[in-house]
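The values are calculated or read from the model by the stated rules, or taken from the named source; none is laboratory data. The structure presented is a predicted model; accordingly, all values stated were derived computationally and were not measured. We place every Cβ from the backbone using ideal geometry, glycine too, and count neighbours over all the protein chains shown. Keep in mind that these areas ignore ligands, DNA and RNA; they rest on the heavy atoms of the full protein, side chains included. Shrake-Rupley method; radii C 1.70, N 1.55, O 1.52, S 1.80 Å.
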Amino acid sequence: MSKQVVLTGNYAAAEAAALCRPDVIAAYPITPQSSVVERLAGKVYNGELDAEMIQVECEHSAMSAVQGAAAGGGRVFTATSAQGLALMYEPYFRMSTLRLPMVMALATREMTSPETVWSGQQDAMSVREAGWIQVFCESTQEIVDMIIQGYRLAEDSRVRIHVNVCYDGFYSSHLTEGVLIPDQAAVDAFLPDPAQSMKAVLDPDHPLSLDPLTAGPLLMKYRKNHLEAMEQALTVLEEIDAEFGKQFGRSYGGGIEKYRLDDADVVLVTIAGMSGTAKDAVDIARDRGIKAGLIRIRFTRPFPAARIADALAGKKAFSVIDRSCCFGWSQGPMHMEVKAALADQGIHACHFSTIGGLGGADISLDEILGVIDILEKGKNQPGERPVHWLLKD
Amino acid sequence: MKEIRLHGRGGLGVVKASQLVVRAAVEGGLYGQSIPAFGVERKGSPVFGYLRLSHTPIRRRMQVYTPDILLILDDSLITSPDTYAGLKDGGMIIINTKKAVEDLHVPKETGTVVTVDATTISEELLGRNMPNTAMLGAFTAATGLVDMERLLQDIAQTFGTINRTAAEKAAASIQIHRL
């Protein structure tokens with residue numbers, strides 16, 4: 001019911017998007033995302049994919065074009081990175097607050113300046129308050145599976161919120177490995193019928209004005225609904241993950257993934273591709289007699305706060321490794337949010353923010369082992385320590 | 001798990017070569033992973049490739065710091081300190097060169113040097129210096145890490161039969177120097 005192929009993360013994302021039968025794809029190329037939409041354009045050109053492929057003049061237009069298509073009842077897809085996302089921001093926010101569901105791949109990249117095209121998660125982290133669901137993938141297989149799950153989640157009537165499927169630029173987008181591509185029939189069976197889940201808002205026979213000027217009292221009700229749907233998504237994404245597991249034999253743990261956590265004293269909290277390296281580090285630390293474990297944050301929006309608080313309860317020490325900066329709190333954004341998740345129960349552990357992997361820099365096994373060593377040495381001295389930077393000098 | 005680092009220059013086919021090894025490995029029931037590291041994207045600039053082959057799933061997604069094997073597509077890169085860095089004790093260097101082994105100034109950890117003149121092979125067969133497929137033949141003949149016939153089929157399918165011939169010719173002409 002699936003075939004094993006060897007693909008880059010970007011090509012795998014394109015294969016998964018095509019399996020979801022998008023009606024319209026609009027895109028503008030940007031490193032490191034470009035090969036996602038190049039492959040989709042190829043599929044449309046050679047007749048493998050029956051979709052409208054619109055090559056637009058910029059990312060603002062890409063999101064605007066798919067917005068119109070979604071209002072017309074289409075299932076739509078696009079992909080972007082960094083400066084492209086920044087240029088797209090105005091229709092990006094409008095898209096989520098219009099509640100016209102879609103999936104967008106985000107090959108995460110450092111934001112300029114200084115000028116850079118390489119990996120980093122600052123782009124995704126900067127748009128956490130744009131109303132989209134964000135899921136971060138560790139492996140190529142997870143990229144495929146989350147694009148498919150993403151449409152199911154986005155179009156669920158209890159949710160109707162857009163899903164960004166995020167994965168590391170270069171370290172995942174350009175990484176080649178084996179991946180299982182599900183059968184079309186299995187994906188068709190898993191996804192809702194877009195004729196039901198994506199009913200057209202715009203209809204030439206019944207003209208209406210979409211998104212008119214809306215006064216505060218009504219606008220606030222929309223926001224309240226959006227927040228409630230986001231809260232609901234926390235439950236729905238777990239259901240979908242479990243059901244995907246039943247049908248395809250792979251599930252990921254929903255909001256978070258736990259690794260060797262149950263009896264752990266010291267915990268790494270990671271996100272996306274670095275988590276694979278960190279799992280190897282946990283195994284090595286265990287062999288050295290350190291009770292290490294790992295929590296991988298999969299969803300940043302909605303933030304699985306209760307599950308994270310539960311997973312960290314009673315742990316002696318933890319560090320959250322971020323591949324981006326939270327400027328206002330002078331630490332990593334996920335560290336800041338994990339602390340917020342623990343606020344009600346109080347933080348009784350030694351903990352600190354680790355920042356690394358910016359601008360394409362590697363996050364190495366040795367660097368993660370270094371983080372574990374600091375946690376192990378400090379595990380009996382509760383409190384927050386200064387940010388640990390994985391600088392290369 | 002074997003960790004392999006490829007060194008070449010933009011335009012020599014480093015990334016494609018690395019991807020083909022992963023494909024042959026996965027088709028043969030192994031796990032494989034290739035990560036390219038681009039600098040600036042232009043012809044002639046140094047390009048690295050990180051390649052892992054394993055009997056168990058590969059989780060780490062990072063650069064290769066202590067390679068078991070170095071695959072060097074352009075011997076002008078040996079003057080760069082990055083090229084030989086971190087080679088494991090007893091490690092193997094497979095290099096496209098016309099030079100004698102003593103002129104390669106390999107690090108003291110080196111166990112085996114495998115030389116092949118992939119540039120001449122590719123120039124004769126393809127009419128230009130595109131040594132990647134010849135180097136894949138040399139790599140497979142020297143290491144046996146992937147199945148030769150499977151790799152040759154993948155090369156022929158991706159790049160055509162002349163490239164398969166280049167790989168076969170390079171495989172037959174490797175010189176193995178144990179240090």
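Ranking of A:118, A:132, A:329 by solvent-accessible surface, largest first: A:329, A:118, A:132 (1.4 Å probe, protein heavy atoms only, all chains present).
Can you give the accessible area buried between chains B and A, summed over both chains, with a 1.4 Å probe, in Å² to the nearest 100? Don't skip to the end; give the middle numbers.
Working: alone 8570 and 16030 Å², together 22650 Å².
Summing both chains' loss of accessible area gives about 2000 Å².
If you roll a 1.4 angstrom probe over the protein chains with everything in place, what fraction of the accessible area of chain B belongs to carbon and sulfur, to the nearest %? Each step should come with its number before you reach the end.
Details: 3850 of 7550 Å².
Summing carbon and sulfur atoms, their accessible area is 51 percent of the total for chain B.
Scaling against 2.2 N^0.38 Å puts the C-alpha radius of gyration of segment B:1-159 at 0.96. Rg and Dmax of segment A:286-352, based on Cα coordinates, read 12.4, 39 Å.
In segment A:1-97, carbon and sulfur make up what percent of the accessible area (probe 1.4 Å)?
On the way: 1800 of 3610 Å².
Of all accessible area on segment A:1-97, carbon and sulfur atoms account for 50 percent.
With bins 10 Å wide beginning at 0, the percent of Cα pairs of segment A:36-91 falling in each bin runs 23, 51, 24, 1.
Which residues does a label at residue B:109 reach in segment B:55-80, if reach means a backbone N under 11 Å from a point 7 Å past the Cα toward the Cβ? Residues B:65-70 qualify, since their backbone N sits under 11 Å from the label point.
Counting only heavy atoms of the protein chains and using a 1.4 Å probe, residue B:106 has close to 40 Å² of accessible surface.
Comparing A:276, A:328, A:383 in a Gaussian network model of chain A, where Cα atoms under 10 Å apart are tied by springs, the biggest mean-square fluctuation is seen for A:328.
Using the crude model of +1 on Lys and Arg Cβ and -1 on Asp and Glu Cβ, and no other charge, please compute the dipole size for segment A:90-149 relative to its Cα centre, in debye to 20.
Details: 4 positive and 8 negative charges, 56 e Å.
I would put it at about 260 debye.
Which loop trypsin sites (Lys or Arg not before Pro) in segment B:6-110, with loop taken from DSSP, have no more than 12 other Cβ atoms within 10 angstrom of their Cβ?
Values: sites: B:9, B:16, B:23, B:42, B:43, B:52, B:59, B:60, B:61, B:88, B:98, B:99, B:108; in loops: B:42, B:43, B:59, B:60, B:61, B:88, B:98, B:99, B:108.
Loop-located and lightly packed - B:42, B:43, B:98, B:108.
Computed with a 1.4 Å probe on the full set of protein chains, the accessible area for residue A:287 sits at about 140 Å². Considering only DSSP beta bridges whose two residues both sit in chain A, what percent are antiparallel, to the nearest 5? If I count the DSSP bridges inside chain A, around 25 percent turn out antiparallel. Our note on the geometry: Cα centres of segment A:313-335 and segment A:39-76, 37 Å apart. For segment B:1-130, the residue among B:110, B:62, B:122 whose Cα projects farthest onto the positive side of the dipole built from Cβ charges is B:62. In chain B, taking the dipole from charged Cβ atoms about the Cα centre, the farthest positive-side position among B:171, B:29, B:148 is held by B:29. Relative contact order for segment A:257-389: what percent, with Cα pairs under 8 Å and sequence separation of 6 or more? It rounds to 28 percent for segment A:257-389. Considering helices alone, the calculated mean residue ellipticity of chain A at 222 nm is -13000 deg cm²/dmol, with DSSP H runs of length four and up weighted by -39500 (n - 2.57) and normalised per residue. Between the residues A:325, A:380, A:278, the greatest Cα displacement towards the positive end of the dipole of segment A:234-390, with unit charges on the Cβ of Lys, Arg, Asp and Glu, is found for A:380.
If you plug the beta carbon distance of residue A:336 and residue B:172 into 1/(1 + (r/R0)^6) with R0 = 51 Å, you get a FRET efficiency near 0.25.
Of the accessible area of segment A:257-389, computed with a 1.4 Å probe over protein heavy atoms only, carbon and sulfur atoms account for 51 percent. Using the alpha carbons alone, the radius of gyration of the protein assembly as shown stands to its Kirkwood radius in an Rg to Rh ratio of 0.99. Note on segment A:257-389: with charges restricted to the Cβ of Lys and Arg (+1) and Asp and Glu (-1), its dipole about the Cα centre is near 220 debye.
In segment A:350-393, the residues whose accessible area drops by at least 10 square angstrom when the other protein chains are added to the isolated chain are A:362, A:364, A:365; the probe is 1.4 Å and only protein heavy atoms count.
When the dipole is taken about the Cα centre of chain B, and only Lys, Arg (+1) and Asp, Glu (-1) are charged at their Cβ, what size is it in debye, to the nearest 20?
Working: 20 positive and 18 negative charges, 96 e Å.
In total the dipole reaches around 460 debye.
Averaged over its residues, the protein assembly as shown has an accessible area of 40 Å² per residue, based on protein heavy atoms and a 1.4 Å probe.
What's the average, rounded to a whole number, of partner chain beta-carbon atoms within 10 Å of each residue's beta-carbon in B:26-37? Present the calculation step by step, with values, prior to reporting the outcome.
Details: counts 7, 4, 0, 0, 1, 2, 4, 6, 6, 10, 5, 6.
So the per-residue partner count for this stretch is 4.
Using the Kirkwood radius over C-alpha pairs as Rh, can you work out the diffusion coefficient of segment A:257-389 via Stokes-Einstein at 37 °C, viscosity 0.692 mPa s, in µm² per second? Provide the component values of the computation, followed by the final result.
Values: Rh = 14.4 Å.
Answer, rounded: 228 µm²/s.
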